[in-house]
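Here is the structure we will look at, set down as structure tokens.
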Amino acid sequence: MPTTATKQDLEALLRDDVPYGDLTTETLGIGAGPGVMQFAARGRMVLALAEDAAALIELTGCRVELLSGSGTVLEEGAQILRAEGDAAGLLRSWKVAQTLIEIWSGVATEAAAIVGAARAVKPGIAVACTRKNVPGTKPFAVAAVKAGGAVMHRLGLSETLLVFPEHRAFLDDVPLADIAERLRRGAPEKRLVIEVTTIEQAVAAAVAGFDVIQAEKFPPAEIGALVKRVETMAALPRRPIIAAAGGVNAGNAADYAAAGADLLVTSAPFLARPRDVQVRISRKPPAA
């Protein structure tokens with residue numbers, strides 16, 4: 001499960017860390033020595049970005065054997081990859097590749113925890129991660145979210161319609177039905193999504209014909225009340241999807257799923273602590 005990161009993206013990561021050569025390795029004069037580098041999990045984790053780490057190491061002229069793929073649940077000691085090459089290449093790629101796996105495996109592990117908690121109560125419910133990842137890291141963020149079994153909520157502003165209260169601040173008193181009609185006319189292939197902060201706003205949006213009601217920071221009990229409300233409204237043009245958003249995490253995902261939410265929207269995985277990857281580098285023994 002590699003990312004959509006390009007060779008140039010990976011080269012940029014290496015260039016950022018080693019812009020003018022590895023001063024220590026060069027000064028010691030050890031760059032030509034043959035070596036072996038091994039990555040392993042120090043604890044339980046959902047692996048992410050292993051393929052990209054391998055590709056990055058290969059950019060330094062090393063040969064890599066990938067032993068575990070992204071999306072795999074690893075236990076302590078599980079092997080991730082093994083690389084062979086000269087010391088210059090191994091030492092140049094070491095920390096960048098290790099950090100790439102550690103940071104994004106943290107995201108994947110947290111995403112998997114939220115998915116697991118929600119689906120234990122409501123099998124099949126989707127967990128969607130927002131676009132609130134670190135700017136400039138979207139290819140890695142998307143891959144990590146997928147590795148954890150979640151999906152992306154929005155990839156950016158260009159491909160989805162989501163009306164926030166901040167948009168409505170510029171629309172004066174335009175009725176919701178007119179806003180919905182304007183959106184359908186301008187982007188007829190897209191679903192209409194709106195963020196609301198009260199049950200009354202949610203009901204009004206449902207009546208106006210919005211496809212997805214994103215309930216921002218509703219406690220689970222209010223999500224339950226909203227679901228019951230829309231399910232008993234016979235006059236609705238369509239039954240909207242109810243998305244619980246804002247503050248959703250592994251500790252409360254089951255409560256939101258049990259309350260009847262159709263979708264959980266979360267940024268929590270992007271705040272997860274990195275997972276720990278053990279790296280061992282040694283001189284390659286001479287051939288017998």
Look through segment 122-153, keep the residues that are assigned to a loop (DSSP other than H, G, I, E, B), in contact (Cβ under 8 Å) with a residue 24 or more places away in the chain and open to solvent by less than 40 Å² (accessible area, probe 1.4 Å), and return whichever of them is nearest to Ala257 (Cα to Cα). Ile125
The residue from Ala261, Ala287 that alone is farther than 20 Å from Ala144 by Cβ and free of Cβ contacts under 8 Å to residues at least 12 places away in the same chain is Ala287
Which numbered condition Leu155 fails, given (1) over 30 Å from Ala53 (Cβ atoms); (2) of a type in the set (A, V, I, L, M); (3) at pLDDT below 95: (1)
If we ask which residues in segment 1-42 are under 21 Å from Phe140 (Cβ atoms) and of a type in the set (Ser, Thr, Tyr), their number turns out to be 3
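Could you list, in sequence order, the residues of segment 1-53 that are among the aliphatic types (A, V, I, L, M) and free of Cβ contacts under 8 Å to residues at least 40 places away in the same chain?
Taking segment 1-53 first, the residues among the aliphatic types (A, V, I, L, M) are 1, 5, 10, 12-14, 18, 23, 28, 30, 32, 36-37, 40-41, 45-50, 53.
Those that are among the aliphatic types (A, V, I, L, M) and free of Cβ contacts under 8 Å to residues at least 40 places away in the same chain: Ala12, Leu23, Leu28.
The values are calculated or read from the model by the stated rules, or taken from the named source; none is laboratory data. What you see is a predicted model; the values in this text were computed from it and never measured. Note that each Cβ is placed from the backbone with ideal geometry, even for glycine, and that neighbours are counted across all protein chains shown. Remember, those area values only see protein heavy atoms, side chains included, never the ligands or the DNA or RNA. Shrake-Rupley method; radii C 1.70, N 1.55, O 1.52, S 1.80 Å.
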